[in-house]
Structure formats: C-alpha cells, structure tokens
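Notes to accompany the following structure.
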Amino acid sequence: MTTISFSADKIFDVVALGRLCIDLNANEFNRPMEETMTFTKYVGGSPANIIIGLSRLGLKTGFIGKVADDQMGRYIKSYLEKENIDTKNVVIDKTGAVTGLAFTEIKSPEECSILMYRDNVADLLLEPLEVQEDIIANAKVLLISGTALASSPSKEAVFLALEYAQLHDVKVLFDLDYRPYTWKNVYETAVYYNLAAEKSHIIIGTREEFNMMESILNEKCSDEETANKWFNHRAEIVIIKHGSKGSIAYTPNGESVRSGVFEADVLKTFGAGDSYASAFLYRIMQGGTIEDAMKYGSASAAIVISKHSCSDAMPTLDELEEKISVGTYKQI
Ligand SMILES: Nc1ncnc2c1ncn2[C@@H]1O[C@H](COP(=O)(O)OP(=O)(O)OP(=O)(O)O)[C@@H](O)[C@H]1O
Ligand SMILES: O=C(O)C[C@@H](O)[C@H](O)C(=O)CO
C-alpha cells in the first residue's frame, strides 16, 4: 500500500507555476463554433484550474505566474485572491503582452475542442528572476504544467523553479498538459518535457502525451514501460490517463493501480484532467493511498465534466465526498 511523504511545517501545501488565462466557454451546446454566438468568461489554464481545485478542497495554495496589465489580467488576479490563493508572485507584465484566450466548442459531449488565441501572451513572459525562491521553499509541492515550457523566458523560469524545489525538499508534480498549438515542433516539445519529467516526483499525463514524449526515439512503450523509465530518475508515482476508460498509476515497487470512473452526465470533456489532478493530489497529501486518491480524482472529474466551466466548477470537499458516497463507480 503506497503512500507518499511530503515535508511538514511549510506555509503552502501547493504552489503552482504556469499559465493563467481566460476560458470563453460556449453557451450554446451541441453545435460548431461557427454557429456559437455567446460565451461565458472563466479563469482558465490548466495550472490555474488545478490550484483553484486544491484551494476549494481546503489546501493552502499560491501561484507563480504573469498576467497582462489589462482588465483580463486584473480579473484573473482578483479571482485567485477570492479563492484564497496567494498571488504575491503573480507578476504584472509591463511590455503590453496580452491574456491568452481559449474559446471552447461543445459539438457534443464527446466532441469538444479548444480554439486558442495565444500570440504574445503574458504567461510565457515570466522571467527566471521573477520566480521567488522563498515561495517555493515554503511549499510542500510545486506543480508545473508542460505549456510553460513552450518558450523563453517561461521555460527557464520553470527550470529555475525546479532547482529551487530540489534545494528545499519540495515534491514536484508535473501535469503534462500538452497543447500542440503552443509549440513549434514535436522534437523541441519532447526534449523539454523529458528534461522536466526527470526532475519530477509525480507525473500525470494521458497516453497520447506520453506517446509524444517517446516519439522522438521511435519508442512504442506499454503503460508499464513508460512508467518504469521515470523510476530511474525521481518519480514516485506515474499516472497514465485513458479518458473515459480511467487511469493507471505505477510506483517504483512494481505496484500498479487501475482506477474506475464515476458515471457522469457529460456536458463537455475539457477540465477532466485538471479536476482529476487536483483531487488526486489533495487526497495523496492527506495520506490517502493511491487507490483512494485516484477515486477522489475520478469523482472530481465526473463533477467537472457535467458542468459548464473548469475552474468555477471545481468541487468543495463536501461536494466531492458526496459524489464518492452516492455516485456510481464503475471499475474497468
Ligand atoms: N466520459 C467520462 N466519464 C467519466 N469520467 C471521465 C470521462 N472522461 C474522463 N473522465 C475522468 O477524468 C479523468 C481524466 O480524463 P482524461 O484522460 O480525458 O484527461 P485529459 O485528457 O487530461 O483531460 P482534459 O480534456 O481536461 O485535457 C479520467 O481518468 C476519468 O476519471
Ligand atoms: O489553456 C487551455 O488550454 C484551456 C484551459 O484554459 C481549459 O480550462 C482547459 O482546457 C482545461 O483543461
């Protein structure tokens, strides 16, 4: 029965680093973007969604990032503050960069896509020297997401944050969060993803995301082979997600745990991964077993995919535990 240990006596449970942007989610469902006329605005971006989920569950959280010096940037910062997320390391851009926008298309519950506007976005302009070492030193976990590796100087900021984490005994969770439109080519992507994964203790990604990382060496790994590669580095848990078919977690002692999924009245699929990661991390940090934590993650995902937003739909602990006790859990 594997659990994972975290440093005690730190100010923050989890500090996330990466993109803060805006989701504009289609109000009219079951139709293509061309025919969608109105959208609702939410805070978005994978690490933002995950940290909001963790804060709703009661953890002490902070964010390291950069927002535009405009109405959208101010909206994001004040939303984080309202959610009790520390923003003292959320830097305001002074170069005229903009806030990334993600328009979501909900053609059917199975057919969702995201149309991104990410030219000259503030989040990718985070400088290494803007990352405050003391915030990371005072956290039990540093959460990073792959998109922040897509260009300089944000990429160097992530690697410096990883050095601070190592120096101060901070566990690193790497959510692969591969968004192809942010990257120039798969070689560059895979090289940086692999370097960041080497420095991470918990790695969570979909089968497709791990395939991307393996593609440059023409590897075709099974889930178990994929996970085993990272146990030669720092990894203590590797989770490979398979959408509605659940997920499998691997540990260095050869244990593997397959999770089921909760039945859900699916409205849209995006946000599944972020809600899963937040509730999984919450439960593992409470000393839960991997099996237990995966159940929390799956329940949170089932809640979020049945709602309109990602960030705003993140459940409280009561909502999550209600789902776990009354929801239908299908073992796969
Ligand atoms: N249709 C579904 N019904 C119930 N649970 C689901 C469904 N789809 C996904 N999930 C849950 O969400 C978890 C993560 O889903 P998925 O593998 O799609 O992540 P992802 O691709 O990172 O998500 P995202 O679309 O947010 O990027 C799954 O392991 C599962 O527990
Ligand atoms: O930035 C994105 O890629 C979109 C996110 O903001 C969105 O909330 C999402 O895709 C959740 O996983």
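Over 18 Å between Cα atoms, which of K245/K295; K107/K307; K155/K220; K60/K241; K60/K140; K241/K295 qualify?
The pairs that break the limit, which is 18 Å between Cα atoms, are K155/K220; K60/K241.
If I compute solvent accessible area with a 1.4 Å probe over the protein chains, what percent of it on the chain is carbon and sulfur?
49
Place a +1 charge on the Cβ of each Lys and Arg in segment 1-147 and a -1 charge on the Cβ of each Asp and Glu, then give the dipole magnitude about the Cα centre in debye, rounded to the nearest 20.
The calculated dipole for segment 1-147 is roughly 360 debye.
With labels modelled as points extended 7 Å from the Cα through the Cβ direction, what inter-label distance (nm, one decimal) is found for L195 paired with N211?
Here the answer is 2.6 nm between the modelled labels.
Where the only charges are on Cβ atoms (+1 Lys, Arg; -1 Asp, Glu), what is the dipole of segment 243-332 about its Cα centre, to the nearest 20 debye?
Approximately 320 debye in magnitude.
Quick check for me: using +1 on Lys/Arg Cβ and -1 on Asp/Glu Cβ, what's the dipole size of the chain about its Cα centre, in debye to the nearest 20?
For the chain, the charge dipole is close to 80 debye.
Express the relative contact order of the chain as a whole percentage, based on alpha carbon pairs under 8 Å and six or more residues apart in sequence.
18
Summing +1 for each Lys or Arg and -1 for each Asp or Glu, what net charge is found among the other residues whose Cβ lies under 11 Å from the Cβ of K323?
Net local charge, K323 excluded: -4.
Treat each spin label as a single point 7 Å out from the Cα along the C-beta direction, and report the Q286 to N253 distance in nm.
2.2
As an exercise, use a Förster radius of 35 Å and the Cβ-Cβ distance of S222 and N84 to find the FRET efficiency, rounded to the nearest 0.05.
After rounding, the FRET efficiency stands at 0.25.
Among 164-175, 47-58, what's the highest-first ranking by average C-beta atoms within 10 angstrom per residue?
47-58, 164-175
Keeping every protein chain present and rolling a 1.4 Å probe, give me the accessible area per residue for segment 43-183 in Å².
Result: 37 Å² per residue.
Just tell me which aspartates and glutamates come within less than 18 Å, Cα to Cα, of K323; anything on the same chain fewer than 8 places away is out.
Straight-distance partners of K323: E263, D265, D274, E291, D292, D312.
Restrict the search to segment 184-268; then list the trypsin sites (Lys or Arg not before Pro) that DSSP places in a loop and that have at most 12 other Cβ atoms within 10 Å of their Cβ.
Answer in residue order: K184, K220.
For the chain, with a Gaussian network of springs between Cα atoms less than 10 Å apart, report the residue from L142, L267, L281 with the top mean-square fluctuation.
L267
Just check the chain against the gyration tensor rule for me: Cα atoms, a ≥ b ≥ c as the square roots of the eigenvalues, rounded for a/c under 1.5, and otherwise prolate or oblate depending on whether a/b exceeds b/c.
It is rounded, given that a/c, with a ≥ b ≥ c, falls under 1.5.
Once you put a point 7 Å from the Cα of E28 and another 7 Å from the Cα of S152, both along the Cβ direction, what distance in nm separates them?
Output for this residue pair reads 4.6 nm.
With a/c under 1.5 counting as rounded, go ahead and sort segment 1-97 into rounded, prolate or oblate using the C-alpha gyration tensor (a ≥ b ≥ c being the square roots of the eigenvalues; past the cut-off, prolate if a/b is larger than b/c, else oblate).
Note, shape of segment 1-97 comes out oblate.
Compute the distance from the alpha-carbon center of segment 27-103 to that of segment 228-291, in whole Å.
So the separation of the two Cα centres works out to 24 Å.
The values are calculated or read from the model by the stated rules, or taken from the named source; none is laboratory data. Computed from a predicted model, the values in this text were never measured in an experiment. Backbone-built Cβ (ideal geometry, glycine too); neighbour counts: all protein chains shown. Remember, those area values only see protein heavy atoms, side chains included, never the ligands or the DNA or RNA. Shrake-Rupley method; radii C 1.70, N 1.55, O 1.52, S 1.80 Å.
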